[in-house]
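So the structure is just underneath, and the comments pick up after that.
The values are calculated or read from the model by the stated rules, or taken from the named source; none is laboratory data. Please read these numbers as outputs of a predicted model, since none were measured by experiment. Cβ: placed from backbone, ideal geometry, glycine included. Neighbour counts: every protein chain shown. Please note that ligands, DNA and RNA were not included when accessible areas were found on the heavy atoms of the full protein model with its side chains. Shrake-Rupley method; radii C 1.70, N 1.55, O 1.52, S 1.80 Å.
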Amino acid sequence: MHLSPACLGVPIAVFFCAGCGKLLDSKESHSAVVDLFAREGADAWYTKEAKDILPVGTTCPGCGGAAFRKETDIIDVWFESGSSHAAVLGHEPDLPWPAELYLEGGDQYRGWFHSSLLVAVGTRGHSPYRAVATNGWTLDPQGKATSKSLGNGIDPVDMAKKLGGEIIRLWVASVDFQEDVTVSEDLMKQVAENYRKVRNTFKYLLSNLPDFDPAQHALKFDDLQALDKYWLLRTSQLADRVRSYYERFEFHRIYHLVNEFAVDLSTGFIDVVKDRLYTSAPDSHARRSAQTATWRIAEALVRLVAPIMSFTADEIWSFLPAVAGRQESVHLAHFPQSEDVVGAVGNPASAEAVWKDFEILMKVRDAALKALEIARQEKIIGSALEAAVTVSAPDELLPLLQRYRNDLRFLLIVSGVEVKASSGGNGNTPLHVFVEKARGQKCERCWNYSIHVGENERYPTVCERCSAALAEIESELVG
């Protein structure tokens, strides 16, 4: 049977009397069509004659005729798609009407979005969706729309086999989907490299938590070391921004923000607290402070990336320290609020002061790192721990640096720091960082240089700080 184009589509499944043209409107005829579609689908309308569908003995209530013809018109395709919400939504508890979100291409503002709106407002007086999100087109590197006919597309299945499905999802998150986006294998590989950096950040955070039980070892925010407080405050700020981007479907901003945060965290926190985590006594306040911050940062970050790194986040979730009442999957957990990240803050003013202090100290650190790099290039030092640094600061900065004098060597990852006022007399001289070779010997345990290495006969090859840590460890073992 040849079907003309007019016959294709969802049929208007009604019958008319062949004799008088009257519409056959009976429960029996409608039930016959419902039963047919249930057995064979709506296409059966085009393959069967009216007499094969209607019950035997059906007659026209007007003229008594027994011959009928089928309607050949179809339901308007836009009305059909626009009424889909009436069939799908509102019939199951987890599929309420209206929908939270309609997602389609931008061309549907005059298509599906529009027809759905017309049908719903006409029948229910309300839009069938609470929000609409539209995506652009996918382009090749030459700016042409990708298509099967041109053969210029990237097969996501093939790419997933090469790089993993997580990379495909992350690439989608990395672009502004509301605009036309360019796709290529090289771009996917760049995303894969950024993924590797974020994953490695998580690996490091997790690697320092095996002996950490939050119920026993987590410290209150007010008891943490200043650097740890600062990074929890930064993580809290990150959580606030990421939540707002999710609410606006700005996934690309989350992708870039998380990448930048991971880089900053690696250099500004992870590299700095390694000394405390590796050389302090296991149950010391310094180490538990660093672990508390590490745990809270990991807990927050894994929830924030879960929608765009779903498999990785669930894997990380399974390795985090056990917490009472934890959801089985990260995808059942809520995004972190500020109090989830920092915990209870007894002195908000003090927390704000720490934030302001470290925003300045991090800039001092940047200046010091540049000076250390120059010293390395000039062969004055090899590693940063071979260096002793003198920071000459202007009058307005000097009190802050003196207040954190004992923390600066760890923040800069050097063996010693001296702070002094800048010479010049007017108090407006710029910050200056002078780098020289550290005095003393290298401690074989922490690799810092100290003039006190060898002073303790019991631990002749380590510095005074490591001697104290080893003595504390021994006392814990004896106890």
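Just wondering, is there one or more residues in segment 213-236 that are part of a loop (DSSP other than H, G, I, E, B), open to solvent by less than 60 Å² (accessible area, probe 1.4 Å) and at positive phi? No, because not a single residue in segment 213-236 is part of a loop (DSSP other than H, G, I, E, B), open to solvent by less than 60 Å² (accessible area, probe 1.4 Å) and at positive phi. Looking only at segment 428-466, which residues are part of a loop (DSSP other than H, G, I, E, B), in contact with a helix residue (DSSP H, G or I) (Cβ under 8 Å, 6 or more places away or on another chain) and either under 15 Å from Phe410 (Cβ atoms) or small (Gly, Ala, Ser) (or both)? Within segment 428-466, Ala438, Cys443, Cys446, Trp447, Asn448 qualify. Being open to solvent by less than 50 Å² (accessible area, probe 1.4 Å) and more than 30 Å from Asp283 (Cβ to Cβ) is a property that holds for Ser116.
Being open to solvent by 70 Å² or more (accessible area, probe 1.4 Å), touching a residue at least 12 places away in the same chain (Cβ under 8 Å) and assigned to a helix (DSSP H, G or I) is the filter here, so list the residues in segment 65-107 that pass it. Across segment 65-107, the qualifying residues are Val77, Trp78, Phe79, Glu80. Checking every residue in segment 185-201 against the condition of being more than 30 Å from Ala344 (Cβ to Cβ) and in contact with a Pro (Cβ under 9 Å, 6 or more places away or on another chain) gives at least one match. Being in contact (Cβ under 8 Å) with a residue 40 or more places away in the chain and over 18 Å from the mean Cα position of the chain (by Cα) is a property that Ser184 has. Contact annotation: residue pairs with Cβ atoms under 6 Å, 6 or more positions apart or on different chains, pairing a residue in segment 300-319 that is more than 19 Å from Leu265 (Cα to Cα) with a partner that is outside any helix (DSSP H, G or I), are Asp314/Ser329.
Checking each residue of segment 249-262 against the condition of being surrounded by 15 or more Cβ atoms within 10 Å (Cβ to Cβ) and under 30 Å from Glu472 (Cβ atoms) gives no match.
What residue, among those in segment 384-410 that are open to solvent by 60 Å² or more (accessible area, probe 1.4 Å) and farther than 17 Å from Lys229 by Cα, is nearest to the chain's Cα centre (by Cα)? The extreme case among them is Arg405. Scanning segment 124-133 for residues that are open to solvent by less than 100 Å² (accessible area, probe 1.4 Å) and either under 25 Å from Glu250 (Cβ atoms) or outside any loop (DSSP other than H, G, I, E, B) (or both) returns Ser127, Pro128, Tyr129, Ala131, Val132, Ala133. Being under 23 Å from Val258 (Cβ atoms) and surrounded by 14 or more Cβ atoms within 10 Å (Cβ to Cβ): is that true of Val172 here? Here the answer is yes, as Val172 does meet what is asked.
Whenever a residue of segment 448-469 is over 23 Å from Ala286 (Cα atoms), its partners that are of a type in the set (Asp, Glu) and surrounded by fewer than 17 Cβ atoms within 10 Å (Cβ to Cβ), lying with C-beta atoms within less than 8 angstrom and at least six residues away or across chains, give the pairs Glu455/Glu464. Out of Lys379, Lys420, one residue alone is more than 21 Å from Leu277 (Cβ to Cβ), in contact with a strand residue (DSSP E or B) (Cβ under 9 Å, 6 or more places away or on another chain), open to solvent by 70 Å² or more (accessible area, probe 1.4 Å) and of a type in the set (Lys, Arg). It is Lys420. Here the condition is being of a type in the set (S, T, N, Q) and surrounded by fewer than 15 Cβ atoms within 10 Å (Cβ to Cβ); of Ser350, Ser338, it holds for Ser350 alone. When you look at Thr312, is it assigned to a helix (DSSP H, G or I), open to solvent by less than 10 Å² (accessible area, probe 1.4 Å) and either of a type in the set (D, E, K, R) or more than 24 Å from Lys220 (Cβ to Cβ) (or both), yes or no? Against the criterion (assigned to a helix (DSSP H, G or I), open to solvent by less than 10 Å² (accessible area, probe 1.4 Å) and either of a type in the set (D, E, K, R) or more than 24 Å from Lys220 (Cβ to Cβ) (or both)), Thr312 qualifies. Do the conditions hold for Lys203, that is, is it closer than 30 Å to Arg287 by Cα and in contact with a Gly (Cβ under 7 Å, 6 or more places away or on another chain)? No.
Across segment 298-354, which residue is farthest from Glu247 (Cα to Cα) among those that are β-branched (Val, Ile, Thr) and in contact with a Leu (Cβ under 8 Å, 6 or more places away or on another chain)? So that I can check it myself, show each step before the final result.
Let us first name the residues in segment 298-354 that are β-branched (Val, Ile, Thr), namely 302, 305, 308, 312, 316, 323, 330, 341-342, 345, 354.
Going one step further and asking which of them are in contact with a Leu (Cβ under 8 Å, 6 or more places away or on another chain), we end up with 302, 308, 316, 341-342, 354.
Working: Val302: 18, Ile308: 14, Ile316: 24, Val341: 20, Val342: 22, Val354: 30 Å.
Here the residue is Val354.
Can you tell which of Gly21, Gly62 is open to solvent by 50 Å² or more (accessible area, probe 1.4 Å) and either out of contact with any Leu (no Cβ under 8 Å at 6 or more places or on another chain) or β-branched (Val, Ile, Thr) (or both)? Walk me through it before giving the result.
Working: Gly21 fails: open to solvent by 50 Å² or more (accessible area, probe 1.4 Å).
Of Gly21, Gly62, the one residue that is open to solvent by 50 Å² or more (accessible area, probe 1.4 Å) and either out of contact with any Leu (no Cβ under 8 Å at 6 or more places or on another chain) or β-branched (Val, Ile, Thr) (or both) is Gly62.
Within segment 134-150, restricting attention to residues that are under 25 Å from Tyr245 (Cβ atoms) and open to solvent by 40 Å² or more (accessible area, probe 1.4 Å), which residue is modelled with the highest pLDDT?
Here is the first cut: in segment 134-150, the residues under 25 Å from Tyr245 (Cβ atoms) are 134-139.
Then keep just the ones that are open to solvent by 40 Å² or more (accessible area, probe 1.4 Å); that gives 135, 137-138.
Details: Asn135: 85, Trp137: 79, Thr138: 79.
Residue satisfying both the conditions and the ranking: Asn135.
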